[in-house]
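First the structure, in the form of structure tokens, and then the observations on it.
The values are calculated or read from the model by the stated rules, or taken from the named source; none is laboratory data. Bear in mind that the values here come from a model prediction, so they are computed numbers and not experimental data. Don't worry about glycine lacking a Cβ; one is built from the backbone with ideal geometry, like all the others, and counts go over all protein chains shown.
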Amino acid sequence: MRKRIRTVFGVLTMLFICVTSKAQDIPKDYLSAEFHEGRREAVRKMMPGNSVAVFFANPVRNRANDVDYIYHQDPDFYYLTGYNEPNSVLLIFSETQYSDAGEEYDEILYVQERDPRAEQWNGKRLGIEGAKERLGFTTVYNGSEFSKLDLNLQGFENVLFFDFKNDVRDSRDEADLFSLIKSFKKKANYPADYDATKQQLYSMIKSTEVENSANVAQILGRYMSRDESLKEDELLKGFVDAPDDKLRSDIKEKVSLKLAANNLNSVILGEIMATLRETKTEEEMVLLKKAIEISAVGQVEVMKAMHPNMSETEIQGVHEYVYKKYGAEYEGYPSIVGGGNNGCILHYIENNKPEVGDELVLMDLGAEYHGYTADVTRTIPANGKFSKEQKQIYDIVYEAQEAGIKASVVGAPFQAPGRVASRLVTEGLMKLGVISKEEDARTYFPHGTSHYLGLDVHDKGTYQAFKPNTVITVEPGIYIPEGSDCDQKWWGIAVRIEDDILITDEGPVNLSAMAPRTTEAIEKMMKQPSPLDHFKLPHLD
Ligand code: GLY
Ligand code: MN
Ligand code: MN
């Protein structure tokens, strides 16, 4: 069929030009060009003097044969540009640059070139004009111009970038990501044996005060024990094995010299982006709140629709239908719907149990709305009523979560919610006799309670004391797989409760509170009728 369509290409191209020249109907509530410009300015302010920051778009990844995965932009790249296409590179300069023609610029965006044939098959491209009009950039070129850019990267004090993951395909297009990265490496004199982890550890040594160097040596020792190539590095080995501060100081000097051997820096951008993305602007909060509320409504609708002969897949579908109904483009991560024992697998995504029966169903899902993702978990009894044992476990998790949320206040250490939740889970399990030694609690609660939330489900942040306008999750859980070393009556019970918490100067705000959390409120909601009660499809053999 493809061949036949291609023969009428000329006619369709004409039609295509007519269609695409009309204004597109798209949502109006994306992040504004001013937001992205402000974020680039914030990066510029945090960059060291005489430096350039280079950001690449995410690669296209292949699913099978000639089908790729749905494209998803790199969240840093999206944050700074709003550009949602692949094969693109952004340069931000700490100081104004001047072209040979005397034009000033302090940033350049390279985009995919407009191409009617490619756009007919794979969707509209913004191109240079679109990037200027829609995204507010002034200096924009097609990607093919990047290799021709006459920019002396050696002349900068620092070239800031994120190191590459080696998962970029060469499509033989001179403007694809593969070629953009190749050009960058050539311009930047990128050594073939560049090792970003080593650079990071060297940077750690360089910024260490003498009085803290023994602690840092211990931390480095742990990194090295997990990575063979690090163990062989003379400088790292020397620092970790050094018997005193004097020797560590000498090695610190050698490390500084080694770092100064080139101007590549794959550490600083990570710190800058973590600092910026940790706290949300008002504009971001509108989208993040929307993603969270959509996800909470998904939980509510599933509570109403749930019955024991639903499959995990169908339950997932109800959540995701609600997301789409509200215009959320994607799920922020693969949806988790685990009935009974399946809930004990923390990131269970098969979701293929044909009937959930009379067990608990753990549902951890998040809508992604214009890039921002929620992360909300509810655990509910498929038959509408918690059994005695299910409720006993659930109530421990609930109390742990309540205490964790209360501990999420400005100035508290990032670990505060986890510490209090962990203590309450341990006490609860001891009291029920599920464990007899406190240290065994970790078997049934093997994860932390919190991470940042934003453009990524596990968003970037500094993991320092809580700041206002930060959104985190608080998500304790208890998972007792079949065969556990406890009374069989607990087997197959898995409970996680996860809410998305905005940290403010006035205290924590639960943004996903619309979805009931107590056993009483859940049972009450499950008695409500659902529009799906009347949604019948024909039987298929
Ligand atoms: N859904 C992944 C998480 O809760 O972190
Ligand atoms: Mn989750
Ligand atoms: Mn989470």
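Can you spot a residue in the range 41-54 that is modelled with pLDDT of 90 or more, over 26 Å from Phe164 (Cα atoms) and in a helix (DSSP H, G or I)? Looking through the range 41-54, none of the residues is modelled with pLDDT of 90 or more, over 26 Å from Phe164 (Cα atoms) and in a helix (DSSP H, G or I). Which of the residues that make up the range 164-211 are within 24 Å of Ser249 (Cβ to Cβ), over 28 Å from the mean Cα position of the chain (by Cα), at pLDDT 90 or above and part of a helix (DSSP H, G or I)? Result: Ile205, Lys206. Counting the residues of the range 220-244 that are assigned to a helix (DSSP H, G or I), surrounded by 15 or more Cβ atoms within 10 Å (Cβ to Cβ) and touching a residue at least 24 places away in the same chain (Cβ under 8 Å) gives 5. For Arg496, the criteria (1) surrounded by fewer than 17 Cβ atoms within 10 Å (Cβ to Cβ); (2) touching a strand residue (DSSP E or B) at 6+ places or on another chain (Cβ under 8 Å) hold in every case but one, which is (1). Reported count of residues in the range 333-361, each being in contact (Cβ under 8 Å) with a residue 60 or more places away in the chain and within 11 Å of ligand 1 (Cβ to nearest atom), is 2.
Does Ala118 qualify as being of a type in the set (A, V, I, L, M), over 13 Å from Val52 (Cα atoms), assigned to a helix (DSSP H, G or I) and within 26 Å of the chain's Cα centre (by Cα)? Spelling it out, it is not the case that Ala118 is of a type in the set (A, V, I, L, M), over 13 Å from Val52 (Cα atoms), assigned to a helix (DSSP H, G or I) and within 26 Å of the chain's Cα centre (by Cα). Comparison of Gly428, Gly454, Gly433 shows that the only residue that is closer than 26 Å to Pro334 by Cβ, touching a residue at least 24 places away in the same chain (Cβ under 8 Å) and of a type outside the set (Asp, Glu) is Gly454.
Within the range 142-163, being within 16 Å of Ser88 (Cα to Cα), in a loop (DSSP other than H, G, I, E, B) and more than 28 Å from the chain's Cα centre (by Cα) holds for one residue alone: Leu149.
Results for (1) touching a Ser or Thr at 6+ places or on another chain (Cβ under 7 Å); (2) more than 16 Å from ligand 3 (Cβ to nearest atom); (3) within 21 Å of Leu365 (Cα to Cα), shown as yes or no for each residue.
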site	(1), (2), (3)
Ala400	no, no, yes
Gly404	yes, no, yes
Val409	no, yes, no
Gln415	no, no, no
Val425	no, yes, no
Lys431	no, yes, no
Lys437	no, yes, no
Pro476	yes, no, yes
Cys486	no, yes, no
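Selection of the range 335-394 for residues being among the hydroxyl-bearing types (Ser, Thr, Tyr) and either closer than 29 Å to Glu85 by Cα or out of contact with any helix residue (DSSP H, G or I) (no Cβ under 6 Å at 6 or more places or on another chain) (or both) yields Ser335, Tyr369, Tyr372, Thr373, Thr377, Thr379, Ser387. Taking interchain pairs and intrachain pairs at least six residues apart, which have beta carbon atoms under 9 angstrom, with the first residue in the range 522-538 and aromatic (Phe, Trp, Tyr) and the second part of a helix (DSSP H, G or I)? Matching pairs, first to second residue: Phe535/Ala305. Annotation: Leu540 fulfils all but one of (1) surrounded by fewer than 18 Cβ atoms within 10 Å (Cβ to Cβ); (2) not in a loop (DSSP other than H, G, I, E, B); the unmet one is (2). Among the residues examined, Arg114 qualifies as of a type in the set (Lys, Arg), in contact with a helix residue (DSSP H, G or I) (Cβ under 6 Å, 6 or more places away or on another chain) and at pLDDT 95 or above.
One residue stands out among those in the range 455-501 that are under 17 Å from the mean Cα position of the chain (by Cα) and either away from ligand 1 (no atom under 16 Å from the Cβ) or β-branched (Val, Ile, Thr) (or both): the one that is nearest to Phe445 (Cα to Cα), which is Val474. Being within 21 Å of Leu80 (Cα to Cα) and either surrounded by 13 or more Cβ atoms within 10 Å (Cβ to Cβ) or small (Gly, Ala, Ser) (or both) is a description that does not apply to Leu151. Any residue at all in the range 275-295 that's away from ligand 1 (no atom under 16 Å from the Cβ), in contact with an Asp or Glu (Cβ under 7 Å, 6 or more places away or on another chain) and not in a strand (DSSP E or B)? Yes, there is a match, as at least one residue in the range 275-295 is away from ligand 1 (no atom under 16 Å from the Cβ), in contact with an Asp or Glu (Cβ under 7 Å, 6 or more places away or on another chain) and not in a strand (DSSP E or B).
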